[in-house]
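The values are calculated or read from the model by the stated rules, or taken from the named source; none is laboratory data. Note that the structure is a prediction, hence the values are computed from the model and not measured. FYI the Cβ positions are ideal-geometry reconstructions off the backbone, even for glycines, and counts take in every protein chain you see. To get the accessible areas, we keep the full protein, side chains included, count just its heavy atoms, and leave off ligands, DNA and RNA. Shrake-Rupley method; radii C 1.70, N 1.55, O 1.52, S 1.80 Å.
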Amino acid sequence: MAHNSDAPWDDFDPTAYFSHNYHTLRDDDRLILGLVRDFFVSVGPSRPVRGIDVGTGPNLYPALSMLPWCQEITLVEHSTQNVAWLEKEVAHGYAPTWDPFWTVLTSRAPYRSIGDPRGRLASAARVQKGNLFGLPAGEWEMGTMFFVACSISGHHGEFEEAVNRFLGALRPGAPFAMAYMENSKGYEVSGLKFPAVEVGMPEVRRCLETRTTDLQISRVSSESLRPGYTGMMVALGRAAER
Ligand SMILES: C[S@@+](CC[C@H](N)C(=O)[O-])C[C@H]1O[C@@H](n2cnc3c(N)ncnc32)[C@H](O)[C@@H]1O
């Protein structure tokens, strides 16, 4: 069973992962994006804040979901190839592939009032090569972490530590969204195997309930992405006082 540091993150193929996961907007991502949008619209900070997306990989939609509230969004990524992919994708105006994702967000006013989301993301995003297990505590006022805690290690202890590090990096009261694969048995990208932990709603709830407030966890049906998982889950809430 692989630990996080055993997996070949620097050989992660961002182009293959992006094509397989995000080339078209699937129904599961549309549902997740709608839940996150409505939550952030209901609790979004009233002044510009600093946000963080952890383990961004080749996925811009978590960062896009925070755009109306964030003057700065740190994208923390461990893999050299994913860092290079993100720097290029963000700086030069993201691909039209992300437009349907942005369109889901623009059904609510704070998103609709952003006329140039490409330019806004390019100026707000700071791509940072880093390790979530070394994140500083209490720095960020809004955060997202999608398909990371469940999908970077085969060990439950590291799943819990990843969630705790993410929540610990947020200031008390900061709104967050996290997405998880349900009962994932691991995944392949360009023939390379990456680890996962098999978690369901009870494990996610247990891990989050004492460290958050306003917690809502939803299950989203999803079968079409790949074999070896039973669905997706999204957790929304605020970081609790420590
Ligand atoms: C399954 S991918 C998820 C990518 C993306 N967030 C998404 O929603 O599709 C897991 C991501 O976590 C990154 N990662 C793995 N270990 C990490 C660590 N210790 N710190 C930060 N990121 C890490 C990987 O490089 C990869 O981009």
Where in the range 52-164 are there helices (runs of 4 or more DSSP H), lying fully within it, with 1 or more residues that are within 14 Å of the ligand (Cβ to nearest atom)? 61-66, 80-91, 99-105
Which listed residue, of GLU188, GLU198, is surrounded by fewer than 23 Cβ atoms within 10 Å (Cβ to Cβ), touching a strand residue (DSSP E or B) at 6+ places or on another chain (Cβ under 9 Å), among the acidic types (Asp, Glu) and not in a strand (DSSP E or B): GLU198
Restricted to the range 9-40 and to residues being touching a Phe, Trp or Tyr at 6+ places or on another chain (Cβ under 8 Å) and open to solvent by 20 Å² or more (accessible area, probe 1.4 Å), the residue farthest from the ligand (Cβ to nearest atom) is ARG37
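So that you can scan it fast, the table gives a plain yes or no per residue for (1) crowded, with 20+ Cβ neighbours inside 10 Å; (2) in contact (Cβ under 8 Å) with a residue 24 or more places away in the chain; (3) among the small types (Gly, Ala, Ser):
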{"position": "THR80", "(1), (2), (3)": "no, yes, no"}
{"position": "LYS88", "(1), (2), (3)": "no, no, no"}
{"position": "GLY93", "(1), (2), (3)": "no, yes, yes"}
{"position": "THR106", "(1), (2), (3)": "no, no, no"}
{"position": "SER113", "(1), (2), (3)": "no, yes, yes"}
{"position": "ASP116", "(1), (2), (3)": "no, no, no"}
{"position": "GLY119", "(1), (2), (3)": "no, yes, yes"}
{"position": "GLN128", "(1), (2), (3)": "no, yes, no"}
Test THR230 against the stated conditions and say whether it is more than 27 Å from MET1 (Cα to Cα), in contact (Cβ under 8 Å) with a residue 12 or more places away in the chain and either open to solvent by 60 Å² or more (accessible area, probe 1.4 Å) or hydroxyl-bearing (Ser, Thr, Tyr) (or both). no
